[in-house]
Every structure is written in structure tokens, then in C-alpha cells.
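K.L.:
Pasting a structure here, questions to come.
The values are calculated or read from the model by the stated rules, or taken from the named source; none is laboratory data. Just so it is clear, the structure is predicted and the values come from calculations on it, not from any experiment. Cβ coordinates were reconstructed from backbone atoms using ideal geometry, including for glycine residues, and neighbour counts include every protein chain displayed. For the accessible areas, the whole protein counts, side chains as well, though only heavy atoms, and no ligand, DNA or RNA atoms are used. Shrake-Rupley method; radii C 1.70, N 1.55, O 1.52, S 1.80 Å.
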Amino acid sequence: MLVVLSVVSGFLQADNLDVALWRGETMHIRIPDNLVLENIPSDCGIKVRHGRIKPIRYLADKYSLEYRFVADKVVWDDESAEGLKVLEISASENTVPGTYKFGYLNVRVVDRVLPPPSQWKYILDLWQHPWAIARIHGVRPFTRKFWKVARPVYETLATAGQKFITTTLIDYAWNHQCYDAYYTMVRHIKCKDGSWKFDYEIFDKYVEFAKSCGVGPYIACYTLCPWGNILHWEDEEGKAHSAKGPVGSKEYEEYWGPFLRDFTRHLKEKGWYDDTYIAMDERSPEEIKQIADFVQKNSPGMKISLAGNRPPSDFKGTEIDCYSQIIYDIDRRFLDEVAGRRKKGQLTTFYVCMGPKYPNTFFSSKEDEAYWIGYFPAAAGLDGFLRWAWNSWGRNPDVDGTFTASGYFPQGDTHLCYPDGSPSWRFLKLRQGIVAAEKSRILKEMGLYDEELLNQDAKYVYDRVKSGKTSFKAFADMTATLVNREEIKPTKK
């Protein structure tokens, strides 16, 4: 079996390492092994944490037995010599602006404040998979042991300002495409007299848990259109039942109608109704209109979210409160609709998944592709970014990132973190792009560098980078330089 070593490119070789960050910001950089830092005074407002980016193996493609390795899992406070060196550098909001020298490391603290991730306006939606966590750690879902092992995974996600909590209203919302199936967080119980009861215990505990980790406030509920249109419920004795229930059928309406009315009551009692979305993905305009009309009939005012592949105006007669467009189909017609949606208080994001090949967050992707993706919404006038898999792990992601559970997914497509909560380097680069997008938003609201930001943003066009021949690092360097500009303050010793 052939083994090929592949590591992320752009290794830093400078004698001095210069970084810039705002007050309140945390950033991550790779450094040479021979870089020596002086002790950092505890009262200067700057903190540095050391880590290693561990190699993860994966199959090169579905037809090959060739294994490759990628530097991806970031482990903090690791004293071993395995993996590339990485630093986490943080400046508190109270740090005195200026340049601080720590041996070979020069940290320039910009006299602007980056709010904490919970206050970022960027709409990040990386889909969570609690059943994958339970399987990896050998615990029952939604038990005391589960919450303990799940917390690091969700707290890491919160560091990027994650706004949506992924919940499920039915078993097998996406059939069984992942290594682990999704099951319902709401028990649908059909009584002997034909009436329905609904148990929200798991749903409530899960939402409360995610919020306690800093994820939210929005709740995405999947879905009223499960793949295969199979409806699942149990009787009063706990016996499982299922039946076919296509959208618009009598079975569909008798199943979902009572649920929507009761769910609405429950959400309002919890104070969550205004933050909840009935979520769907990649369905036709005709089917979406049927579902949306049915939702509004049973729950007037309930929000709808959709990931699709056409302009929102193609969904005639349907108000889609949060719409995510595949990057392939972001064109001038689509972008022209975004401003009108924003005036109505609607959200518009974009997504990548199994494609495109460039830019993406695969193991094979260049490291600054993730940065480009994170910043792209700021350049295009969108609200944020969606990706289908935060932690849909394969068999043993800490050792082998290969995923072949259902068909073929490009390796790295299914997760951006690891079971102990360790981030991937891909996630940290994505986060850097998101931070740059937040800085850009703040600068634009302040009226600073308007012309320069406009000229830079015009270069962030998918058609210009889809070949993969563009230097994504050049984009990252250009953007970081612009959003960190200011008058240089006197050097602090």
C-alpha cells in the first residue's frame, strides 16, 4: 500500500514573525519548529498558547488504496514533537494598542475592538450531528455522560460565532447518508383514539445545552420533507410504526398538522418561536410552496429556511426567511435579490458541500481556500456561510479521515472538528476568514477604507478561483493587510 505525505503549504520561514490583531481577537498561526519565544508578561493583555497540528491519514480517492496524510487535527498544549507547530494568540479588550516583541514574534495590537463571537453578525451554520458524538464516545445520546463529552465539540463551534442549532423532528431526515443516522428529537405518539401526543424532552434539553455552549440563538428544525417521504411514530406501548407520506397527501397532513400546531404552542411557551425555522434543503419550488403554505396554515408566522440551487425569486409565492445558495449558482441575478431580502429582514447565505473542487474545505484543499470561503459573504453582500457537516465523522476520525459510509464523499467533506473538541486546521482558517469578514463589516459601518474595501471585494468572485490556479494565500494576505490597517502606534517594550 502506497503512503504519500501531504502537508499544508506556505510554511513560515521568516526570521521575525509579524502578526496583527484587534483588541478582543484570538488568531492562529503556524510557526517554524525553531522559532523561540521570550516569556510573555502576564499583565500585558496578550496570551499565547502552543499546539501541534497532527497528521491524519485518508484514502486519496474511492478507486485507490493509496493513503495520504494531512496536517489537520490541532491539539493544544501538546509537548510532543509530532506535527507542525501552531500558536494561538489572544489580545484582551483592555490590551494597550501597539507592537509587542517576544523574541522572534512581533504582535501588533490594533486600536479597534472585535466583539466576542456571540455578538458577530455573520450567520454561520455548520450542521451538528449528536448521534456521531454518542457513537464515538460509547455513550447513550442525551444522557449526562453525553452532555459531558459533547460540550467541547459545541464550545469549539461557538468560537466561530455559530448561529444555528441543528435539530431533527423525524427519524432519517436524510435517509442514512452519514455513518451515523439522525433520529428524531421529538417523540410522535399516536394514541388509540387517533389523537397525537408529542414529547419534547430531548428537543428541549438539546437546545438548552447548545445555547449553554454558546451556539444559537436560531433553531433549524429538519424537516417536513424527509428523503423518501417516510413518516415515523410510535404507539402508546412504544411500538414503532412508519408509513409513506408524500407532501400534500392525507397521511402527510394528518401527521404534520397536529404536530405543527402543538409545536407552535410549545415553542412560544419556551420563548423560542421567533428564533425557530422549519428547515429544508434542495427541493423544487413546487414542493417548497406546498410545504410553506401548509406550515403557514398550521403555524402562521413560522419561519422557513432552505438550502437551494436557484434564485429565491424562483420560489414564487413563498417567503423564505433564510435562504442558502450553492456557490455554483451565485450569479448577478441572485446577488441582485439579496438587498431586497435584507430590507425585509430575511437572511441570505451560501454553501459548499461535495463540490466545488475549489474553493472548499477538503483534506486536499489549499489551507487558504477556507479563509476565502469565510470572507466571501462580506465581499458578495451575503449574511454568512452554511456547511452540511461539522462532525459527521467516519469510523475513527482521530486516525483515519476516510469516509465511505454512503457512496463517496471527498475526504474532509464530512467534518471540521474532532471528537474531543479539537479543531481542524481547516476550521481555524475558515474562522480567520470569518473574523476578517466581521472586521470588514465594522470598518464599513465606521465609513473607513470604503473605496479600498470595495475594490478588494470585487476580486472575490467564484469564477476567478474555481480552477484552483489562483493563489488563495494572496487573497488572505491582501484582506488581512487591509482590515488590520491603522496608524502605527509607538512600540511597546
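K.L.:
At a probe size of 1.4 Å, how large is the accessible area of L335, to the nearest 10 Å²?
P.N.:
About 40 Å², rounded to the nearest 10.
K.L.:
Same structure, new question: Given the convex hull of the Cα atoms of segment 346-493, what is a quarter of its surface area in nm²?
P.N.:
11.8
K.L.:
Leaving out ligands, DNA and RNA, and with a 1.4 Å probe, what % of the accessible surface on segment 159-200 is carbon or sulfur?
P.N.:
Percent of accessible area from carbon and sulfur atoms in segment 159-200: 48.
K.L.:
Roughly how far apart, in whole Å, are the Cα centres of segment 171-249 and segment 336-351?
P.N.:
Comparing the Cα centres of segment 171-249 and segment 336-351, I get a distance of 29 Å.
K.L.:
How far is the Cα center of segment 434-466 from the Cα center of segment 70-145, in Å?
P.N.:
Comparing the Cα centres of segment 434-466 and segment 70-145, I get a distance of 24 Å.
K.L.:
So if each residue of separation counts as 0.36 nm, and I subtract the Cα-Cα distance between S64 and S118, what length gain in nm does that give?
P.N.:
15.1 nm
K.L.:
Taking only Cα atoms of segment 204-330, what ratio of Rg to Rh do you get with Rh as the Kirkwood inverse-distance radius?
P.N.:
For segment 204-330, the value is 0.98.
K.L.:
Compactness ratio of segment 371-431: Cα Rg over 2.2 N^0.38 Å, N = residue count?
P.N.:
Against the compact-globule rule of thumb, the ratio is 1.25.
K.L.:
Using the C-alpha gyration tensor of the chain, what are the square roots of 5 times its eigenvalues, in whole angstrom, with the largest one first?
P.N.:
40, 26, 22
K.L.:
What is the Å³ per residue value for the convex hull set by the Cα atoms of segment 129-208? Working shown, then result.
P.N.:
Details: hull volume 9.4 nm³, N = 80.
Given the Cα convex hull of segment 129-208, per-residue volume reads 118 Å³.
K.L.:
Antiparallel DSSP bridges in the chain: what percent, to the nearest 5?
P.N.:
Looking only at bridges with both residues in the chain, the antiparallel portion is about 45 percent.
K.L.:
Now for a different question. Grab the eigenvalues of the alpha-carbon gyration tensor for segment 307-354, scale each by 5, take roots, and send me the semi-axes largest first in whole angstrom.
P.N.:
17, 11, 11
K.L.:
Measuring from label point to label point, each 7 Å out along Cα→Cβ, what is the V96 to D450 span in nm?
P.N.:
About 3.6 nm, to one decimal.
K.L.:
Also, quick follow-up: Is there a quick way to get the dipole size of the chain? I mean about its Cα centre, with the Cβ of Lys and Arg at +1 and of Asp and Glu at -1; what is the value in debye to the nearest 20?
P.N.:
Numbers: 66 positive and 66 negative charges, 55 e Å.
Approximately 260 debye in magnitude.
K.L.:
Starting from the alpha-carbon convex hull of segment 67-106, give the projected area averaged over all orientations, in nm². Write out the running numbers ahead of the final one.
P.N.:
Details: hull surface 18.9 nm².
Over every viewing direction, the Cα hull of segment 67-106 projects on average to 4.7 nm².
K.L.:
Apply the Debye scattering formula to segment 317-406, with a single equal point scatterer on each alpha-carbon and no solvent, then give log10 I(q)/I(0) at q = 0.13, 0.15, 0.20 Å⁻¹.
P.N.:
For segment 317-406 at q = 0.13, 0.15, 0.20 Å⁻¹, log10 I(q)/I(0) is -0.53, -0.66, -0.99.
K.L.:
Which net charge results for the neighbourhood of E234, defined as the other residues with beta-carbon distances under 13 angstrom from its beta-carbon, given Lys and Arg at +1 and Asp and Glu at -1?
P.N.:
Combined, the nearby Lys, Arg, Asp and Glu give 0.
K.L.:
A follow-up question, please. Per 5 Å bin, what is the whole-percent P(r) computed from every C-alpha pair distance within segment 187-241?
P.N.:
Calculated P(r), rounded to whole percents: 4, 16, 18, 19, 18, 14, 8, 2, 0.
K.L.:
So for segment 6-164, Kirkwood radius off the Cα pairs, Stokes-Einstein at 20 °C and 1.002 mPa s: how many µm² s⁻¹?
P.N.:
Roughly 116 µm²/s, to the nearest whole number.
K.L.:
Can you tell me the FRET efficiency between K289 and K344 if r is taken as the Cβ-Cβ distance and R0 is 25 Å, rounded to the nearest 0.05?
P.N.:
Values: r = 18 Å, r/R0 = 0.71.
With R0 = 25 Å, the Cβ-Cβ based efficiency is 0.90.
K.L.:
Just from the alpha-carbon atoms, what are the Rg and Dmax of segment 252-406 in angstroms?
P.N.:
17.8, 50
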